[in-house]
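Engineer: Just passing along the structure, written as structure tokens.
Throughout, read-outs are computed from the coordinates displayed, never taken from laboratory work. Every value quoted in this text rests on a predicted model; they were computed, and no experiment measured them. Positions of Cβ are backbone-derived with ideal geometry, glycine not excepted, and every protein chain shown enters the neighbour counts.
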2 protein chains.
Amino acid sequence: MFFQRLLRQDARGQIVKQYKNPRPKDWASICMRPVFERASLEDTISKIFEDVRINGDKALKSLTKKYDGIDLANVMLSKEEISELASTTPPDLKMAILTAYKNILSFHRLQVPLNLKPYETSRGVVCWQENKAIEKVGLYIPGGSAPLISTVLMLGIPARLAGCSEVILCTPPSADGLVNPAICLAAQLVGVSKIIRVGGVQAIAGLTFGTESVPAVNKVFGPGNQYVSAAKEYARRYGVGLDLPAGPSEIMVIADETAIPAFVAADLLSQAEHGPDSQVVLVASKTEVIDKVQREILKQLKDLPRREIVIKALENSFCVLFKDVKTAMDFANTYAPEHLILSVANPEKIAGQVINAGSVFLGNFTPESAGDYASGTNHTLPTGGWTKAYGSLGVDDFLKKISFQNISKDGLEGLASIITTIAEAEGLGAHARAVIKRLNFKENI
Amino acid sequence: MFFQRLLRQDARGQIVKQYKNPRPKDWASICMRPVFERASLEDTISKIFEDVRINGDKALKSLTKKYDGIDLANVMLSKEEISELASTTPPDLKMAILTAYKNILSFHRLQVPLNLKPYETSRGVVCWQENKAIEKVGLYIPGGSAPLISTVLMLGIPARLAGCSEVILCTPPSADGLVNPAICLAAQLVGVSKIIRVGGVQAIAGLTFGTESVPAVNKVFGPGNQYVSAAKEYARRYGVGLDLPAGPSEIMVIADETAIPAFVAADLLSQAEHGPDSQVVLVASKTEVIDKVQREILKQLKDLPRREIVIKALENSFCVLFKDVKTAMDFANTYAPEHLILSVANPEKIAGQVINAGSVFLGNFTPESAGDYASGTNHTLPTGGWTKAYGSLGVDDFLKKISFQNISKDGLEGLASIITTIAEAEGLGAHARAVIKRLNFKENI
């Protein structure tokens, strides 16, 4: 269909697909994300939701027994348990979390929006807008082999800055029936109201309906496997808001001859280790750049702990060659990556051309993992091309804007003919009459 | 279950259900919105989507023939047709639209957010955030008997202020195969790129996949019947963003003895005329207020053009009596209305207690219909209790926030131990190595 250099399928540890100067008409199909067969989860999910809705905590416990093999006396951790666990966080990890917290807090503090002050749109017509925190939010934090400590900060910090009154964290219990100490520490730091040691679909069901221990929330945030993602979608039917559409992680690196191949390879590998369904994309200005990066990938792969996952992800990945950076940027905006690294000379020059991306990393010393943990930006980002419609998670996602208006009798007289004329044209006579009734009103009756 | 004064079911033209000081534990069930049997539309919708995906404009034309009974030569209106139609708008309606445009524009201009300027979160670590317009947006405007002229302004103005490069308006053709002149005028005013005279599910399908005439868009906005709403949900599967969850319209009026019963009745009726599934709620501090408003409703109903619709909506509606305004406000926040009118003495005093509402109207001379058309606020608001999680539509909904970071070698050294320590704790070794590779790098190699 278009020029494509396909490496041998047994080239394990390489980015298999390569395209050379593909024409714009072929970009859309190159940018299609890998599709994985998803089982229909609706049945499983609706049964679990029904169980939790009817049986509350009892259901959460029996489902945790069934899926996690853990017998819980209480689904909620007590304040004492949280403090005790948090205090066992290793000192170096504690220090790392505190510093990350500081950076993320300082950048997110800038995001807190101001209210729109009362403004007279026409004489006697005053409008304003207030940002109000969503009252109750749920943060879902995956646990198991990789407890996402950093995600507690990335969700909890904007929730606190927004002023949410209840912040409920759900995470699966660890093998000892407790919760990872660093998750407890981070939760304390951001001021989480409650930690519920329940994971999976049952956690989302608990946050949806509420149980004896879990408050029902207005919006759920956080990553999860396909069960958790499907459960979040399911929760919408019951009036629970969702953060943003996010699936497998992805990265695009645009590299010219000033890029350091070892760094580019390391960045691609760091994203590939998320899961076999992750996709990494290298956009290069020279064939040699691609070849050097591929060699580096092979070299660095050797002793990576999550090697087998990485190799599978590389099979879903691709390289593209474009002679000029302008075309590379157009292609990047078509792909609309979650993460975009600009490993080019003078990256500031082209950063302004980014239209569709979640988080952008400039230059050779800005690895994607810096944004995951410590630079200050949020790591909760849309994937799968959704950056065309949605941006990075931030304080705004924990707020909602309420409009207000206060109109004087004179002000209403000024607006009257606008309202009645358009309302009549729209066939909404009672809308017009709500104004007319007021105009005809005599103060002294 | 709780104290409830039920009027005779044949009390046509009255708000049938009345509650007196219900206890907080019963509020949730009182606040449940009326449930209507929804047919499963999935089959119909998936067939139409498939048809439009494969056959493009040809499908749009044949579906318009089938559902609207109109034979279209072209689905798109030409620039000449738009100008010609717009020029036939009656002068008074033209003037009303221009003035409404001015007010809405001036209030929405205040909403345009500033970018976050580069900020050093720690030494050598610079982060910033840019607001980028969503490139292509689709505005769905219902037509037929009630062409929603005002909705063109409410969606088109923030789209333009955000800077969306393509703004595609879809609306069903009128009986003559054209489009309502005032819709054309409003579309010209806000700078819509294209008007497509196609409505229903097929319009949403066209905006999803793109056809010869309709560009595929990144996000779809606008109200619609249950078919259009379900089609918007369906479009999400193909990566199209949605504005906000909105169903039947609703209003709550909080009225004390300073409220003018005739005004309150007029406001309740104006919302009830939207459709038989609309809900209107009167929260009053005195039984007499309820009785007076009910009498006014009967009186005003007599010559309302949409009388039968209103009567049905009143059957789904209710009154509540609370002795004090504080409890009334708590109840309002539990109900979380789309529109909230505060017809009480000193409404400014309690406006600050509003947590969950879409748009709030203060005092006796601020009818809800002012916000629908002319005050300057947006009339696109969440319904059905969704104001607990989402706010009013505004410029933000046409933008997305992209994060940027630029880290120096020194800056990365400062972050290194944070990143590697947390990454290792999360089991993500390759994330740590992307930093370590850079630290070990010798400039002169």
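Engineer: With 10 angstrom as the radius, rank A:Phe209, B:Phe263, B:Phe441 by how many other C-beta atoms surround their C-beta, starting from the fewest.
Structural biologist: So the residues, fewest neighbours to most, are B:Phe441, A:Phe209, B:Phe263.
Engineer: State the extension gain, in nm to one decimal, for the chain segment bounded by A:Ala73 and A:Arg12, taking 0.36 nm per residue of separation less the distance between their alpha-carbons.
Structural biologist: 17.3 nm
Engineer: Restricting to DSSP H runs of at least four residues, report the calculated mean residue ellipticity at 222 nm for chain A, -39500 (n - 2.57) per run over all residues, nearest 500 deg cm²/dmol.
Structural biologist: So the helix-based figure for chain A works out to -13000 deg cm²/dmol.
Engineer: Going by C-beta contacts inside 10 Å, put B:Asp26, B:Asp267, A:Asp410 in order with the fewest on the left.
Structural biologist: Ascending number of Cβ neighbours within 10 Å: A:Asp410, B:Asp26, B:Asp267.
Engineer: With an 8 Å Cα cut-off and a minimum separation of 6 or more residues, compute the relative contact order for chain A in percent.
Structural biologist: 20 percent
Engineer: Shifting gears a bit: Choose one of A:Asn131, A:Phe209, A:Gly163: the residue whose Cα lies farthest towards the positive end of the charge dipole of the range A:39-242 (beta-carbon charges +1 Lys, Arg; -1 Asp, Glu; about the Cα centre).
Structural biologist: Value computed over the given set: A:Asn131.
Engineer: Based on Cβ point charges of +1 for Lys and Arg and -1 for Asp and Glu, what charge dipole magnitude is obtained for the range B:39-242 about its Cα centre, in debye rounded to the nearest 20?
Structural biologist: Dipole size: approximately 560 debye.
Engineer: A further question follows. Distances from A:Asp291 to the same position in the other copies: list them in nm, one decimal, shortest first, using label points 7 Å from Cα along Cα→Cβ.
Structural biologist: 9.5
Engineer: With no solvent and one equal point scatterer per Cα, compute the Debye intensity ratio I(q)/I(0) for the range B:39-242 at 0.14, 0.15 Å⁻¹ and report its log10, rounded to two decimals.
Structural biologist: -0.80, -0.90
Engineer: Run the reach check for B:Lys20 against lysines, Cα to Cα strictly under 30 Å, same-chain hits fewer than 8 apart removed. What comes back?
Structural biologist: A:Lys132, A:Lys136, A:Lys437, B:Lys286, B:Lys292, B:Lys299, B:Lys302, B:Lys312, B:Lys323, B:Lys326, B:Lys349, B:Lys388
Engineer: With label points built 7 Å along Cα→Cβ from the Cα atoms of B:Asp92 and A:Lys299, find their separation and express it in nm.
Structural biologist: In this crude spin-label approximation the distance works out to 8.1 nm.
Engineer: Pairing the Cα long axis of helix B:409-425 with the longest principal axis of chain B, what angle in degrees results, from 0 to 90 and rounded to the nearest 10?
Structural biologist: Computed tilt is about 70 degrees.
Engineer: Under a Cβ-only charge scheme (Lys and Arg +1, Asp and Glu -1), can you give me the dipole magnitude of the protein assembly as shown about the Cα centre, in debye to the nearest 20?
Structural biologist: 40 debye
Engineer: What nm distances, shortest first, do you get from the label point of A:Leu114 to those in the other copies when the point sits 7 angstrom along Cα to Cβ?
Structural biologist: 0.7
Engineer: Write down the Kirkwood hydrodynamic radius of chain A, to one decimal in angstroms, obtained as one divided by the mean of 1/r over all alpha carbon pairs.
Structural biologist: Evaluated on chain A, it is 24.6 Å.
Engineer: Moving on to the next point. Relative contact order of the range B:346-445, please, whole-number percent, based on alpha carbon pairs below 8 angstrom and at least 6 residues apart.
Structural biologist: 16 percent
Engineer: Which percent, nearest 5, of DSSP beta bridges in chain A are antiparallel?
Structural biologist: Here the share of antiparallel DSSP bridges comes out near 30 percent.
Engineer: Additional query: Hey, if you put +1 on the Cβ of every Lys and Arg and -1 on every Asp and Glu Cβ in the range A:337-407, which of A:Leu340, A:Leu399, A:Ala374 ends up farthest toward the positive end of that dipole?
Structural biologist: The Cα lying farthest towards the positive end belongs to A:Leu399.
Engineer: For the range A:1-135, what relative contact order do you get, as a whole percent, if you take Cα pairs closer than 8 Å and at least 6 residues apart?
Structural biologist: 9 percent
Engineer: Hey, another quick one. Counting other beta carbons within 10 Å of each Cβ, put B:Tyr67, B:Tyr234 in order, fewest first.
Structural biologist: B:Tyr67, B:Tyr234
Engineer: A further question follows. Name the residues whose placed amide hydrogens come within less than 5 Å of the amide hydrogen of B:Ile341, ignoring near sequence neighbours (fewer than 5 apart) on the same chain.
Structural biologist: The answer is B:Met252, B:Val253, B:Ile254, B:Phe361.
Engineer: Could I ask something else about it? Work out how much length A:Ile54 to A:Asn115 would gain on full extension: take 0.36 nm times their residue separation and subtract the Cα-Cα distance, in nm to one decimal.
Structural biologist: Extra length from A:Ile54 to A:Asn115 when fully extended: 17.9 nm.
Engineer: May I pose another question? What nm distance separates the two modelled labels at B:Val35 and B:Phe441, each placed 7 Å from Cα along Cα→Cβ?
Structural biologist: 5.9 nm
Engineer: OK, next. Inter-copy label distances at B:Ile54, 7 Å along the Cα→beta-carbon direction, one decimal in nm, shortest first?
Structural biologist: 4.3
Engineer: For chain B, modelled as a GNM with alpha-carbon contacts under 10 angstrom, which of B:Lys286, B:Lys102, B:Lys66 fluctuates the most?
Structural biologist: B:Lys66
Engineer: When Cβ neighbours within 10 Å are restricted to other protein chains, what is their mean count per residue of peptide B:371-384?
Structural biologist: Neighbouring Cβ atoms belonging to other protein chains average 6 per residue here.
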